[in-house]
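The structure appears below as structure tokens.
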Amino acid sequence: MNNLVVFPILLPVLSGMIMFLFRDNIRLQKWISIIGLSGALVTSLFLVNANMNDGIQVLQVGGWEAPFGISLVADMLASLLVSTSSIVSLACLIYAFHSTDKQRERHYTYPLIMLLVCGVNGSFLTGDLFNLFVFFEVMLIASYVLLSLGGSKTQLRESIKYVAINIISSMLFIVAIAYLYGVVGTLNMAHLSERVAEIGQDGMITTISLMFLLVFGLKAALFLYFWLPGSYSSPPAAVSAIFAALLTKVGIYTILRMFTLVFYHHTAVTHNLMIWLAGLTMLFGAFGAVSQWNVRKILAYNVIIAVGFIVVGIGLNNAAALTGTLFYLVHDMIAKALIFILGGAMISIAGTHKLREISGLISHHPLLGWLFFLSALALAGVPPFSGFVGKLMILQGGVEKEFYAIVSISLVTSLLVLYSVMKIFIHGFWGETILSEDEEKSTGKGILIPGSILAAFIIALGLGADWALIYIDQAVEVLMNPSLYIEAVYSKS
Amino acid sequence: METFMTIIAGILFTVGTYLALSKSLLRIILGTAIFAHATHLMLLTIAGLKQGAAPLLGEQSGTYTDPLPQALILTSIVISFALTAYFLVLGYRAYIELGTDDMDKLRGEEHE
């Protein structure tokens, strides 16, 4: 029992609720949000430390024992992801302070961001399937409002599609939960894992697992990604940076959790399907990214490619690939936030998102330009930045399992990623400077703090990979041995 | 009784899917609402309908009704009502701003 586990969920939601009371006092809202998120970050770092020293941390809410009550479980994977999401949302929040207009600030942008973070952290920490659904909804409802807030034509049009798709997929999620409950009679993830192992994963349970794959695939933009480019490119830059960094990653996390803890008996069906879906996701995402001339659309398609790449690692399901997956997951959350923030700053300076009309920004904004160059290299997995290590290990896992086709698709799409982001860099930052400093639409100063924080993490993760792998190896150990997770949930201490 | 409920849920799923696939925005919203009702009926049915006493310790009954699906449905109904209300407001606002509720016209322009 450890009450620390609930704080990364509780602090954002409490501070968000307090912030709703101070509608007109934007200054106070900013301070409360910073304090709330820093608190979540500090407690999640304590959780990582506690995992290192004493193993998995579990809280049985209200003191009800495991299969009957609700458990919050912070194993190393969840703690690492919670810390990363806190860092990323803190950076995006600081960028939002500079880039959000007065109208949006008055209409509760910051409290909604806090509720979004609460939903994300809750989904990482919960050990119960139905609670997962509830935290998903908390996160999604906050994202619906953030997406449509401001009410421009594009935003409204894209939110309708986003909301419709997510309502249908949430309902399918409940259907899948209902089927699973009908077959095995429990919803606690540890108990589920035990029951499924006892009765063996027959055709019925495999079918249910495919239904979960469909639902989580919709949320994670795995193959069913058609809603993503439009909806991620319409809200303000700070908001779409948070979306890109966190929302799809929650879907990926749940796929990772369910298919290593519960449905791991029939890898020939489920995991192979996952690998091929992920391969197609990467290919189509890469085609999309290469074909676009809209800065925000190029970046949104890059989110899809990364999802495909991470899910390949989950599908390969051996130690090397899973280590790579976790490393790449943490890297991708940070790198996506950074590049979306930089892209947003670029658009706000140039006043347009059409790449053909932007040119030569680097002469007035050298820092922005070089940060963009750095994050472009990191995104494509060029050493010494953080993307390289994860990519290498996933590919190593693919070679071990002899999936050469997928390995080559991954390598080709990495090149296309590099091409698509370098296209932004070359067209946007090089060439003739067409805007003098007076003609620019904004100064682009707000990126300095969040940009350098996130860039520092990317460099540190790349150079200090050995140090980071100590933690990630421990997380992989739990994923490879579900019994560790089950024992931790049932232990009475 | 379970068979009957399952058939009702199936009909509701069909109606919901049919409506959600239509062009008009209002029909899509109503379709998602009916889809949600179908889901809830199915969740209630799948664990077995009322068979014994209320699940209280003092009842001393031989069989108890499973309380979990009811708890789950309560949460899910609240969420789906909130979502339907939000979706209706969003649809209304989009109709005012964009001047149409035809999904074909909401695709977005090719080169914007």
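The values are calculated or read from the model by the stated rules, or taken from the named source; none is laboratory data. Just so it is clear, the model here is predicted, and its values are computed rather than measured. Here the Cβ positions follow ideal geometry from the backbone for every residue, glycine too, while neighbour counts run over all protein chains shown. The accessibility values were calculated without ligands, DNA or RNA, using every heavy atom of the protein model including side chains. Shrake-Rupley method; radii C 1.70, N 1.55, O 1.52, S 1.80 Å.
Results, tabulated for the structure shown:
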| quantity | calculated |
| --- | --- |
| Matching residues, the stretch A:112-151, being at the interface with chain B (Cβ under 8 Å from one of its Cβ atoms) and hydroxyl-bearing (Ser, Thr, Tyr) | A:Tyr144, A:Ser148 |
| Condition check for A:Leu299: open to solvent by 60 Å² or more (accessible area, probe 1.4 Å) and part of a helix (DSSP H, G or I) | no |
| Subset of the stretch A:219-241 (residues that are part of a helix (DSSP H, G or I) and crowded, with 22+ Cβ neighbours inside 10 Å) | A:Lys219, A:Ala220, A:Leu228, A:Pro229, A:Ser231, A:Tyr232, A:Ala237, A:Ala238, A:Val239, A:Ser240, A:Ala241 |
| Qualifying residue in the stretch A:182-205 (condition: at positive phi, within 12 Å of another protein chain (Cβ to nearest Cβ) and open to solvent by 10 Å² or more (accessible area, probe 1.4 Å)) | yes |
| Scan of the stretch B:32-83 for residues that are of a type in the set (Ser, Thr, Tyr), open to solvent by less than 50 Å² (accessible area, probe 1.4 Å) and more than 8 Å from chain A (Cβ to nearest Cβ), ordered by number | B:Thr45, B:Ser61, B:Thr65 |
| Residue among A:Ser348, A:Ser375 that alone is in a helix (DSSP H, G or I), of a type in the set (Ser, Thr, Tyr) and at pLDDT below 90 | A:Ser348 |
| Of residues in the stretch B:84-100 being open to solvent by less than 60 Å² (accessible area, probe 1.4 Å) and among the hydrophobic types (A, V, I, L, M, F, W, C), the one farthest from the other protein chains (Cβ to nearest Cβ) | B:Ala85 |
| Helices (runs of 4 or more DSSP H) contained entirely in the stretch A:70-132, each with at least 2 residues that are crowded, with 24+ Cβ neighbours inside 10 Å and of a type in the set (S, T, N, Q) | A:76-99, A:109-125 |
| Residue within the stretch A:197-206 that is part of a helix (DSSP H, G or I), touching a Pro at 6+ places or on another chain (Cβ under 6 Å), more than 21 Å from A:Gly288 (Cβ to Cβ) and polar (S, T, N, Q) present | no |
| Verdict on A:Lys161 being basic (Lys, Arg), more than 22 Å from the chain's Cα centre (by Cα), within 14 Å of another protein chain (Cβ to nearest Cβ) and open to solvent by 10 Å² or more (accessible area, probe 1.4 Å) | no |
| Subset of the stretch A:379-403 [hydrophobic (A, V, I, L, M, F, W, C), in a loop (DSSP other than H, G, I, E, B) and farther than 19 Å from A:Leu338 by Cα] | A:Phe403 |
| Per-region count, the stretch B:18-31, residues within 11 Å of A:Ile168 (Cβ to Cβ) and either surrounded by 15 or more Cβ atoms within 10 Å (Cβ to Cβ) or at pLDDT 95 or above (or both) | 3 |
| All positions within the stretch A:117-151 that are among the aromatic types (Phe, Trp, Tyr), touching a residue at least 40 places away in the same chain (Cβ under 8 Å) and within 30 Å of B:Glu97 (Cβ to Cβ) | A:Phe136 |
| Evaluation of B:Ile7 against (1) closer than 24 Å to A:Met139 by Cα; (2) aliphatic (A, V, I, L, M); (3) free of Cβ contacts under 8 Å to residues at least 12 places away in the same chain (one fails), failing number | (1) |
| Some residue of the stretch A:210-217 being without any contact (Cβ under 8 Å) to a residue 12 or more places away in the chain, surrounded by fewer than 20 Cβ atoms within 10 Å (Cβ to Cβ) and out of contact with any Lys or Arg (no Cβ under 6 Å at 6 or more places or on another chain) | no |
| Flag if A:Ile341 is touching a Phe, Trp or Tyr at 6+ places or on another chain (Cβ under 7 Å) and crowded, with 22+ Cβ neighbours inside 10 Å | yes |
| Among the candidates A:Leu435, A:Leu461, residue that is open to solvent by 10 Å² or more (accessible area, probe 1.4 Å) and modelled with pLDDT under 90 | A:Leu435 |
| Conditions (1) in contact (Cβ under 8 Å) with a residue 60 or more places away in the chain; (2) farther than 17 Å from A:Tyr419 by Cβ; (3) crowded, with 24+ Cβ neighbours inside 10 Å; number of the one not met by A:Ala319 | (3) |
| Residue match in the stretch A:171-179 (condition: away from chain B (no Cβ under 14 Å), open to solvent by 10 Å² or more (accessible area, probe 1.4 Å) and within 24 Å of the chain's Cα centre (by Cα)) | no |
| Scan of the stretch A:396-414 for residues that are touching a helix residue (DSSP H, G or I) at 6+ places or on another chain (Cβ under 7 Å) and open to solvent by 30 Å² or more (accessible area, probe 1.4 Å), ordered by number | A:Gln396, A:Val399, A:Glu400, A:Lys401, A:Phe403, A:Ile409 |
